[in-house]
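Before any comments, here is the structure.
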Amino acid sequence: MTAPAHSEAPAGHGAGSGEQREGIVRGLRYIGAKLLTAAVSLFAVMVTSFFLFRILPGDPVRSMTQGREVTVEQEQELRRQFGLDQPLWQQFLDYCAGLFRFDLGVSYQYRIPVAELIGERIGPTVLLAGTGTLIAALLGLVLGTRAGWRRGSATDRVNTGVALLLWSVPSFWLGLLLIVVLASGAGWVPGLFPTGGMMTPGTTGLLDVALDVAHHLVLPVATMVAVVYAQYLMIMRSSLLDEMGADYLTTARAKGLRDALVLRRHAVPNALLPTVTLIFLNLGQVVGGVILVETVFAWPGLGSLFYSGLTVPDLPLVQALFVLFASAVILMNLLADLVYPLLDPRVRT
Amino acid sequence: MVIQQAPPGPRPYRPSRPGRALRGSAAAGAALALALSAMPAPVHADEGDAGGGDTLTIGIGQQVDSFSPFLAQLALTTRIHSLTYPTLTTYDPETMEPAPELAESWDTSDDGLTWTFDIRDGVEWTDGEPVTAEDVAWTFSTMMEDSAAATAGGNYVEGFEEVTAEDDSTVRIELEEPRSTMLALNVPILPEHIWAEIDDYGEYNNDEEFPVVGSGPFVLTGYEPNRSITLEANEDHWRGAPGFDTLVFRYYPDKDGMVEALRNGELSFIEGLTPAQADALEGEDGVAVNNATGNRFQAFTINPGAETQDGEEFGDGHPSLADTTLRQAIVRAIDKEELVGKVYGGYADPATGYIPSRFEDYTWAPDDGESLDFDPDAANEMLDEAGYEMGDDGVRESPDGDRLELRMHVHNDRPDYVQVGQFMEEWLAEIGIEVQGEYVDPGVLSDALYDAEYDLIFTGWQVNPDPDYVLSLHTCDALPETPGSMRGDAYFCNEEYDELYERQFSEYEDADARKETIGEMQRILYDEAVVNTLTYPNALEAYRTDQIADIQTQPAEGGLIWGQDGYWAWWSAEPAQGGSGLRIPAGAAAGIGAAVVLLAAGAGFLLWRRRAATAGDRE
């Protein structure tokens, strides 16, 4: 994704301004190519989304009326309301036309427009997954740098060990454990945090709401961070190790710089690049939410919405979410592609 | 003839308690007129949500499909409608007999085609308008004329000819043919003066304006999607005000999280527990576990060779399963007692007939001599005699030379079903039948059922107090007209069964005869061994005794709280005084949350500072 889009143009004998123009053209072509790729991927996603979920086994009307007494007329009425009585090509055309009008259809289960459902849930999801990703990235970077710089030391071994241990823990299990220890209270120990949800019903006032949400946010974010920070730590550590053998570090040391300065000014900026890519890729997945964490903590996010839609299948809902998740990843990849040349001059040439 | 008269008192089923009567009369005396003129919006003056007081908090996992009774089909929303709208009749919480609700009494003509309901006087909608026979007639007529309005309840008005209001307090329903469900019309009656103005019932969700005008013991006052649903007491309800002032339904998609929330007092009530969860809560301080006899059966059906109503065969069921002896042998290989002990931890009853033992009037058990009880040796003998020869690899072959290798479809989203399936695989291997368990999504399972591409398949139903519907599933009428369109859940068709089904219908007023007929029907199902019930799982629920002092179960003995017919549980629930869970004050809790957020922010700031400092140092 980050490879130069075309081979290097011969620099030849051009004067300064010519070279500059050429540079701009090259830059524009780079950007154009990336945009085009993104657009093509997005289109492919839209088409796939429609057919993918129709291949899934299960009939929405039957699964929604399962275990209940219904007449044939009632089933037909539901099919009519959902538009499932139309031929497939007609449904596809309606779906495409809807997408271009940003009309995502009406959810079968919730009977409200899908856009409205997503609107309600996207905030909580970004709050949880975004906060979690940022804290995990910061934590991973700091600890990874420490561990890498003092490779083999006790700090390194403890940090990597703990991070890998948590990385291998299932998040729903860790979440439940935190609930049992910190939310339920046992004996004389009071429960410190709520077991789930995002807000205590009926809370009003900006400050109260913010504090209440923050209070509810602690355990889910802690769970998420604990499980994922290891990947940032490991990547930061290993790319720092790569840099540590580089000649420029020896030079920096030879100049007589203090160890901390060598690390901060020379090693870390170079080692940061792969981690930045990872952060962007993960930010793309932020809207997808963290299904397991959302479920365990009753967090009203998109991840659990997707899961509830899949079991029916609630076609308009899962289609729209699939397109949304995929476009977020595509968008973030695009951003990474566009930002990368700014961070790393080597990509520009 | 008049079938039933309303009991005289206004609160026949309420556990009497001096405090409550006082509270009720005070409310009646003063607050009511005020409350009615402006139904209170959800008031949360005290900021606690469920820590006792007069708020009852119920944990839920299911979402809301619609607050329009014309559209709502899910258990949660239909249950909420039974709290906020009146129905014609209800079920007595003690005896489970049909009981008066909005209709004080009723009459039926001798041919069973005309029903007359006398509507209770003086019942009001929460906006002060009277509830009249016109409202009832309008609700049913709209469902009959507009298919969108029949989305949820079309099955109830099927076979209705005409519904008319003879005067303000009399409704007459004319039927095309007699129906058994006339005293079980679970149709919320709607205020015509509000609902008649809506254009498209297929798109109206009744969730725009709160409080929602109704006439049940509670009023729907607030809805935050996927967070909570709030109901306030209707102090003016004709049967008397409910014990709690507020009901809050709170979302917990994860059952274990729900259990913890009950433990720390955030929830007052949860249902649908697994045996392990119930065991863990048993003995917990301040928590009562309600182990209720279930109204469900869990079963598997055997594909006897699927046919349409015209006799066209389809699907790919194993050909040998058309043999009743083989089907009976399969049943004899299964140890139901063991399933109850090992899978349900004792929280279930082994199934005997088709109708669960909770319904004493209709449940049936075989006599000792004719029973297909667990006996693998007898099963092996039956198969030997019928010519199913045991192969060298321990798998039998049918007389036609087909290997007894069967598929078994099991819902993978139900841990209890999966465990039962695993036991069955082993037990059937012992009588020379190789079973391939297919533990699949409910969607895959339902496709296999409708296409008849299965051999053994799991099923389960919640049975109504009147078993007519679950019995109708196995009439020949329930066979598909074309492949893939079945109404029932087994390809069962038996003439004698159909005759008995018609007969139980006409015996509607002769309870003893009907009981006998329904028993006969279950005998046929049992002997044919196409539909085989395994267990009647209990309903496991739990509530905090420091929040709920008393609550009505249905039926009174061993009854359940959540899955009731009628609003009894939540109407009768009495708040406990002074108790509360081990919760820290909201202020301190918020403080801790704030501290953690500050800490995180501080860490971020520190890191930023260090980077900034680096930049500053640059040569």
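The values are calculated or read from the model by the stated rules, or taken from the named source; none is laboratory data. Because the structure is a prediction, the values reported are computed rather than measured. Cβ: placed from backbone, ideal geometry, glycine included. Neighbour counts: every protein chain shown.
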| crowded, with 20+ Cβ neighbours inside 10 Å, modelled with pLDDT under 95 and not in a strand (DSSP E or B), is that true of B:Ala152? | yes
Among helices (runs of 4 or more DSSP H) completely within region B:429-535, the ones holding 3 or more residues that are more than 14 Å from chain A (Cβ to nearest Cβ) are B:495-506, B:511-528
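Residue-wise test of (1) touching a helix residue (DSSP H, G or I) at 6+ places or on another chain (Cβ under 6 Å); (2) of a type outside the set (D, E, K, R); (3) touching a residue at least 60 places away in the same chain (Cβ under 8 Å); (4) over 30 Å from A:Ala183 (Cα atoms).
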residue: A:Arg264; (1), (2), (3), (4): yes, no, no, yes
residue: A:Ile279; (1), (2), (3), (4): yes, yes, yes, yes
residue: A:Phe297; (1), (2), (3), (4): yes, yes, yes, no
residue: A:Tyr307; (1), (2), (3), (4): yes, yes, no, no
residue: A:Pro313; (1), (2), (3), (4): yes, yes, yes, yes
residue: A:Leu324; (1), (2), (3), (4): no, yes, yes, yes
residue: A:Pro345; (1), (2), (3), (4): no, yes, no, yes
Q.
Condition check: part of a helix (DSSP H, G or I), among the aliphatic types (A, V, I, L, M), at pLDDT below 85 and surrounded by 16 or more Cβ atoms within 10 Å (Cβ to Cβ). Does A:Leu257 satisfy that?
A. no
So is B:Ala429 among the small types (Gly, Ala, Ser), over 30 Å from A:Val61 (Cβ atoms) and modelled with pLDDT of 95 or more or not? yes
Taking region A:112-171 and the residues there that are of a type in the set (Asp, Glu) and within 12 Å of chain B (Cβ to nearest Cβ), the one that is nearest to A:Leu317 (Cα to Cα) would be A:Glu116
By my count, strands (runs of 3 or more DSSP E) wholly in region B:213-330 with at least 1 residues that are free of Cβ contacts under 8 Å to residues at least 40 places away in the same chain and crowded, with 19+ Cβ neighbours inside 10 Å are B:228-233
Conditions (1) within 28 Å of A:Leu281 (Cβ to Cβ); (2) within 30 Å of the chain's Cα centre (by Cα); (3) crowded, with 16+ Cβ neighbours inside 10 Å; (4) modelled with pLDDT under 85 -> A:Gly27 fails only (3)
Taking region B:57-113 and the residues there that are within 14 Å of chain A (Cβ to nearest Cβ) and among the small types (Gly, Ala, Ser), the one that is farthest from B:Glu203 (Cα to Cα) would be B:Gly59
Expected single match for hydrophobic (A, V, I, L, M, F, W, C) and over 30 Å from B:Asp468 (Cα atoms) among A:Leu78, A:Leu93 is A:Leu93
Picked from region B:174-213 (must be within 14 Å of chain A (Cβ to nearest Cβ) and aromatic (Phe, Trp, Tyr)), the residue farthest from B:Glu145 (Cα to Cα) is B:Phe210
Within region B:405-428, restricting to residues that are of a type in the set (Asp, Glu) and not in a strand (DSSP E or B), the one that is surrounded by the most Cβ atoms within 10 Å (Cβ to Cβ) is B:Asp416
Within region A:94-119, of all residues that are in contact (Cβ under 8 Å) with a residue 24 or more places away in the chain and surrounded by fewer than 19 Cβ atoms within 10 Å (Cβ to Cβ), the one nearest to B:Tyr201 (Cα to Cα) is A:Ala115
Of the candidates B:Asp135, B:Asp118, B:Asp110, the one satisfying the condition of being at pLDDT below 95 and either out of contact with any Asp or Glu (no Cβ under 8 Å at 6 or more places or on another chain) or of a type in the set (D, E, K, R) (or both) is B:Asp110
If you go through B:Leu339, B:Leu326, B:Leu383, the only one that is among the aliphatic types (A, V, I, L, M), at negative phi and in contact with a Gly (Cβ under 7 Å, 6 or more places away or on another chain) is B:Leu383
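Yes/no matrix, rows are residues, columns are (1) more than 9 Å from chain A (Cβ to nearest Cβ); (2) within 23 Å of the chain's Cα centre (by Cα):
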residue	(1), (2)
B:His237	yes, no
B:Met258	no, yes
B:Leu273	yes, yes
B:Ala276	yes, yes
Subset of region B:372-394, residues touching a helix residue (DSSP H, G or I) at 6+ places or on another chain (Cβ under 9 Å) and assigned to a loop (DSSP other than H, G, I, E, B), comes to B:Leu372, B:Asp373, B:Phe374, B:Asp375, B:Ala386, B:Tyr388, B:Gly394
When region A:51-84 is checked residue by residue, the ones that are over 29 Å from B:His474 (Cβ atoms), facing chain B (nearest Cβ under 8 Å) and touching a residue at least 60 places away in the same chain (Cβ under 8 Å) are A:Leu56
Of the candidates A:Gln81, A:Gln74, A:Gln90, the one satisfying the condition of being exposed (fewer than 14 other Cβ atoms within 10 Å of the Cβ) and out of contact with any Asp or Glu (no Cβ under 7 Å at 6 or more places or on another chain) is A:Gln90
Listed by first then second residue, the pairs whose first member lies in region B:332-352 and is under 14 Å from B:Ala299 (Cα atoms), whose partner is basic (Lys, Arg), with beta carbons under 8 Å and at least 6 positions apart or on separate chains, are B:Pro350/B:Lys336; B:Ala351/B:Lys336
Here the residues within region B:237-290 that are of a type in the set (Ser, Thr, Tyr) and within 18 Å of A:Leu176 (Cβ to Cβ) are B:Tyr251, B:Tyr252, B:Thr274
The condition of being within 14 Å of another protein chain (Cβ to nearest Cβ) and small (Gly, Ala, Ser) holds, among B:Gly216, B:Gly243, B:Gly222, only for B:Gly222
### Task
Answer yes if at least one residue in region B:384-407 is closer than 24 Å to B:Tyr344 by Cβ and at pLDDT 95 or above, and no otherwise.
no
When every residue in region B:72-94 that is within 17 Å of the chain's Cα centre (by Cα), of a type in the set (A, V, I, L, M) and crowded, with 23+ Cβ neighbours inside 10 Å is compared, the one modelled with the lowest pLDDT is B:Ala72
